[in-house]
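Engineer: Structure provided below as structure tokens; questions to follow.
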Amino acid sequence: MKQQTDHQHIAGLLLAGGEGRRLGGRDKGMVPWNGRPMAAWVYDVLSSVTSPVLISANRSQEDYRQLAPDQVFEDDDSIRGQGPLAGLLTGLKQAAAIDADAVLVCPCDTPEITPEVLSCLVDAWRKAPKHPVIAECEGRAHPLHGVYPVSLAPLLEKQLQEGNRRVMVFAEMAGAIEVKCDDAAQAFKNRNRPEDLTDT
């Protein structure tokens, strides 16, 4: 279901670098959900909206290369272990290296994300490409579901150097625009605890 996107200007970014503390240290992206690794579901949806899809992963690289053979990247040692913002920074830099203007980001633990939601974010970003856009559903912002211009890399790097790993703080500092997705609550459900996987 490819949408009307300019593949030369936006890249997908699958965030799979988490430590999986709530899952006993397991690599969340490789945890099965409905018969497939969670990352595979998210990768397929990202790929249906834009390409290439970059993967930020600090372990299980060979597994992730089964999804994207040449697009799996680790965080630099200077930012490793600093949470999802480290993965976002890695993605922004890699996207800039392939002349993309922005990344469409999605975490690996939301396997029910839909092409419609991601396409809505892309469409909103195209109307205001100097700003990031993030999803908002039922009054809650989802800053890890959004589109971030690669020009934000220096601002993000500075925030991490200052020791602030809060994703929403970065989104607000960058002037993020929230896009309502109230009819897609299930798409944002995080599957990051054992009890979240019982219906698989």
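Where a number appears in this text, it was derived from the coordinates with a stated rule and is not lab data. Note that this is a predicted model, so its numbers are computed, not measured. Reconstructed Cβ throughout: ideal geometry from the backbone, glycine too, with neighbour counts over all protein chains shown.
Engineer: Under a Cβ-only charge scheme (Lys and Arg +1, Asp and Glu -1), can you give me the dipole magnitude of region 36-149 about the Cα centre, in debye to the nearest 20? Write down the numbers at each step before the final one.
Structural biologist: Details: 9 positive and 16 negative charges, 46 e Å.
The dipole magnitude comes to about 220 debye.
Engineer: So how strong a dipole does the chain carry about its Cα centre when Lys and Arg Cβ are +1 and Asp and Glu Cβ are -1, to the nearest 20 debye? Working shown, then result.
Structural biologist: Values: 21 positive and 28 negative charges, 46 e Å.
Magnitude of the dipole: close to 220 debye.
Engineer: Students often get this wrong, so try it: which of (1) 32, 20, 15; (2) 25, 25, 14; (3) 22, 20, 17 is semi-axes √(5λ) of the Cα gyration tensor in Å as calculated from the structure shown?
Structural biologist: The listed entry that was calculated here is (3).
Engineer: In addition: By average Cβ neighbour count within 10 Å, what is the ranking of 98-111, 123-136 from highest down?
Structural biologist: Values: 98-111: 23.9, 123-136: 18.8.
Ranking, from highest mean packing down: 98-111, 123-136.
Engineer: Also, quick follow-up: Ranked highest first by the average count of other Cβ atoms within 10 Å around their residues, in what order do 74-84, 166-176 fall?
Structural biologist: Details: 74-84: 14.5, 166-176: 16.9.
So the order, starting with the most tightly packed, is 166-176, 74-84.
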